[in-house]
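These notes are about the structure you will find just below.
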Amino acid sequence: MSSRFEQLADAVLAGTDATPGDALAVLRAPDTDVLSVVAAAGRLRRTYFGNTVKVNYLVNLKSGLCPENCNYCSQALGSAAPILKYSWLSTEEAMKQAGAGISGGAARVCLVASGRGPSNRDIDRVASMVGALKEEHPGVEVCACLGLLSDGQAERLRTAGVDAYNHNINTAESNHHTIVQTHTYADRVDTVEKAKHGGLSPCSGLIAGLGESDEQLVEGLFALKELDADSIPVNFLMPFDGTPLERTWELTPLRCLKILAMARFVCPDKEIRMAGGREMHLRSLQPMALHVANSLFLGDYLTSEGQAAEADLEMIRDNGFVVLGSDTGRARTGRVDPPIRRRGAGTGLVPNA
């Protein structure tokens, strides 16, 4: 007899949307049922994405010095996390870092800058970088993550060649005021809508482990479904010293796996990315998570070290997956040169600007 989760997968594949009750059931599944949860969610992942894994790479264009007070972020106002702070990278340095990720198999480069939002001069600067990047690597996707957008900025980025825009809602609307007070949940939703209306693919996700309830995790996920985000990064809080959430440890590997599976059931045809904190919280279950998620970041994050790129590529290959867009249809497993190690990484928390 099929399990409850297999029946849910059958229903979703037949066109019936998962309900908040279904999502809660996945999240609260007994640990002894986790293989059944992964197997059922994995059917959805295989139906929509086959055996491919989309590899993404972050370039930290501007680090620290942010006026926003997001409690989870090492770059936020009031954070004492010992991160490297610097203003804008040169186009040459940004190209060098992006090239390292692309050589390792990245199909998308994410250009990220700290701050409340970009000035028009900042948009011009990013547009110039994107033009140079697309000229050298015409097939690569570019995602920008620059904070809150003003009217017309999404259109300017699109004209410059940007494909997608990341702006995470991070948590449920009912929990938002507890983690940041310098902008509202509505501000974040407005930026996602501006990106969509400007012709950019919306990328928006969550951070799990912020003190939210199960119901709030479900609330946030259904908000992303309503926003129709094309890609959903699922971050797991890294509670580094110097941030208000430095002693917040709520996650286990099995819970993280269930959170990813819940996202797959609710948004079966969307890119589900295991993002910041996967190494810290999924740990040895990262390979199993690949059978639910179809996307990951390669190498380091913004102010924290990730798993070695070679280990990620080996994990993809060993689990029977291939890197999306690889020339031979097989995962690339060679050494990434230069090594994907970002200056200042290893000391802070991945910001979700």
At R0 = 30 Å, how high is the FRET efficiency between Leu35 and His177 if r is their beta carbon distance? Nearest 0.05 is fine.
0.20
Dipole in debye (nearest 20) - region 10-147, about Cα centre, beta carbon charges: Lys, Arg +1; Asp, Glu -1:
180
Looking at the chain, do any whole DSSP H helices span at least 15 angstrom along their long axis by alpha carbon and average 1.0 or above on Kyte-Doolittle, and which?
253-266
A chain fully extended from Thr252 to Trp88 at 0.36 nm per residue, minus the present Cα-Cα distance, gains in nm 55.4 nm
Magnitude of the Cβ-charge dipole of the chain, K/R +1 and D/E -1, about the Cα centre, nearest 20 debye?
600
Under 5 Å, built H, 5+ apart or other chain: amide partners of Ser201:
Ala164, Tyr165
Per residue solvent-accessible surface (Å²) - the chain, probe of 1.4 Å
38
When 1/r is averaged over all different Cα pairs and the result inverted, which Kirkwood radius in Å belongs to region 86-191?
14.8
If I stretch the segment between Leu13 and Leu65 completely, what's the gain in nm (0.36 nm per residue apart, minus their alpha carbon distance), one decimal?
14.1 nm
Give me the Å³ per residue figure for the convex hull around the C-alpha atoms of the chain.
121
Could you work out the helix-only [θ] at 222 nm for the chain, with each DSSP H run of four or more residues adding -39,500 (n - 2.57) and the total divided by the number of residues, to the nearest 500 deg cm²/dmol?
-11500 deg cm²/dmol
Calculated P(r) tail over 16 Å for region 181-297, as whole % of Cα pairs:
61
Over region 245-285 - Rg/Rh using Cα atoms and the Kirkwood inverse-distance radius
1.01
Where Cα atoms sit under 23 Å apart: lysine pairs in the chain separated by 8 or more or lying on different chains
20
Size of electric dipole in region 195-291: Cβ of Lys, Arg +1 and of Asp, Glu -1, about Cα centre, debye, nearest 20:
300
Leaving out ligands, DNA and RNA, and with a 1.4 Å probe, what % of the accessible surface on region 177-329 is carbon or sulfur?
51
Using alpha-carbon positions, the gyration tensor of region 1-146 gives root eigenvalues a ≥ b ≥ c; with a/c under 1.5 called rounded, otherwise prolate if a/b exceeds b/c, else oblate, the class is prolate
Accessible area of region 93-159 belonging to carbon and sulfur atoms, whole % at 1.4 Å probe
45
Let's test the formula: R0 of 22 Å, r as the Cβ-Cβ distance of Asp214 and Ala311. What FRET efficiency results, to the nearest 0.05?
0.10
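The values are calculated or read from the model by the stated rules, or taken from the named source; none is laboratory data. All figures in this text were calculated on a predicted structure; none of them were measured in a lab. Glycine also receives a Cβ, built like all others from the backbone with ideal geometry; neighbour counts cover every protein chain displayed. What goes into the accessible areas is simple: the full protein's heavy atoms, side chains included, and nothing from ligands, DNA or RNA. Shrake-Rupley method; radii C 1.70, N 1.55, O 1.52, S 1.80 Å.
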